[in-house]
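> I'd like to ask some things about the structure below.
The values are calculated or read from the model by the stated rules, or taken from the named source; none is laboratory data. These numbers come from a predicted model, not from an experiment. Here the Cβ is made from the backbone with ideal geometry for all residues, glycine too, and neighbour counts use every protein chain on show. Accessible surface areas use protein heavy atoms only, side chains included; no ligands, DNA or RNA. Shrake-Rupley method; radii C 1.70, N 1.55, O 1.52, S 1.80 Å.
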Amino acid sequence: EEFRTFNVKVSTGPGDWSRKNPWRAPGTAKVFGSGCGVYGGREDFVLGSSGRLQGFFPPGVNGLELPAKSPTVWPKGSTQEVAWAITANHGGGYSYRLCPKGENITEECFQKTVLRFVGDKQWLIYGNVTQMGDSIGYELPQLELPLKVIRNGTFPAGSEWARNPIPSCLMFDQAQCEGLPRDQYISCAQAASGYDVVVCPPNWVQFPEPFPGLSGHVPYWRSHLGPDVPQWINLMGGEQGNPPMSRGFPISIMDLVKVPEDLPEGEYLLSWRWDCEQSSQVWQSCADILIVRNNETNLVDDVVFP
């Protein structure tokens, strides 16, 4: 129960509707693509899916095929900051992994080097959020909270995964959605989780909030980010306003990870993998990393957005 994020009081029987979803056995669910994600989650276009924002890439594009970026430099043995942000809160948890760019880039390659978390804390950092038209994100404090890491029952064996610290809403039991046609099931599950509710009603949450009012499934916020930002920001067509209205959480979840001392120097891809519990989804994204000799231990930011 400590590491569960949906339907946390039920672990057996017909009411255990999340038992086959990825977070119930972190790392074991099969994925499409190379470990860097697939645009839209599948190769064929699905109306209303997360791949509906066309114009960047067609559905099914492998994240490995995207243009390389200037790499972030990580000294061997150093501690580094990594972060991700949520649009739709499907609970579950995540891990960070490395694969040398000179090798065959696959999920199996990333599984060979799963990074370990450092310490017992993580942080919530506000992004480009506005108030009355002014950007205030940089003025808001970083929020520190306990890091919950699971090592038992993970794949590869002993690999470290962190629980998503933000609870979704519990408007009603998602078990009520079982047996519905797929499109109706998805809508029902979203409603059960509080889709478009800015913050969950008091105590109507899947597990206790880390801070009062910090919960939700797909909340709203305003930002100065324009309409050409990547899909994760999910700007609402026709309702953008000025500044634009966005869906998702205006915060990033930041952790510290340890770069192994024994890694060969060179270019790598960092893969972030999120195994969901509310849904059968696995989300992935990659970033370019350069591993160098450790002359001194530095902290270097690298932010990964789903």
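> Considering segment 190-232 alone, what residues qualify as being in a strand (DSSP E or B) and either of a type in the set (Asp, Glu) or modelled with pLDDT of 95 or more (or both)?
VAL205
> Okay, next question. Any residue in segment 1-28 that is touching a residue at least 24 places away in the same chain (Cβ under 8 Å) sitting within a Cβ distance under 7 Å of a residue that is of a type in the set (Lys, Arg) and open to solvent by 20 Å² or more (accessible area, probe 1.4 Å)? List the pairs, counting only those 6 or more apart or interchain.
Taking only residues 6 or more apart or on different chains, the pairs are GLU2/LYS148; PHE3/LYS148; PHE3/ARG163; THR5/ARG163; SER18/ARG24.
> Need at least 1 residues that are aliphatic (A, V, I, L, M) and surrounded by fewer than 18 Cβ atoms within 10 Å (Cβ to Cβ) per element, so show me which strands (runs of 3 or more DSSP E) inside segment 57-120 make the cut, counting only ones lying wholly within it. Spell out how you get there, then give the answer.
Details: elements: 72-75, 79-85, 93-100.
Where strands (runs of 3 or more DSSP E) fall fully within segment 57-120 and carry at least 1 residues being aliphatic (A, V, I, L, M) and surrounded by fewer than 18 Cβ atoms within 10 Å (Cβ to Cβ), they are 72-75.
> Continuing with the same structure: Take the residues in segment 130-162 that are at pLDDT 95 or above and of a type in the set (Phe, Trp, Tyr); name whichever of them is nearest to LYS30 (Cα to Cα).
PHE155
> Also: Spot the failing condition for ASN298; the list is (1) of a type outside the set (Ser, Thr, Tyr); (2) part of a loop (DSSP other than H, G, I, E, B); (3) closer than 23 Å to TYR39 by Cα; (4) at pLDDT below 95, and only one is missed.
Here ASN298 clears every test but (3).
> Give the residue that is farthest from CYS276 (Cα to Cα), with candidates limited to residues of segment 201-210 that are touching a residue at least 24 places away in the same chain (Cβ under 8 Å) and over 20 Å from the mean Cα position of the chain (by Cα).
Among those residues, the one meeting the criterion is PRO201.
> Whether any residue in segment 176-199 is open to solvent by less than 30 Å² (accessible area, probe 1.4 Å), on the phi > 0 side of the Ramachandran plot and either among the aromatic types (Phe, Trp, Tyr) or free of Cβ contacts under 8 Å to residues at least 60 places away in the same chain (or both) is what I want to check.
Yes: one or more hits.
> Additional query: Among (1) open to solvent by 70 Å² or more (accessible area, probe 1.4 Å); (2) modelled with pLDDT of 95 or more; (3) closer than 22 Å to TRP123 by Cβ; (4) of a type in the set (D, E, K, R), there is one condition ASP255 misses while meeting the rest; what is its number?
(1)
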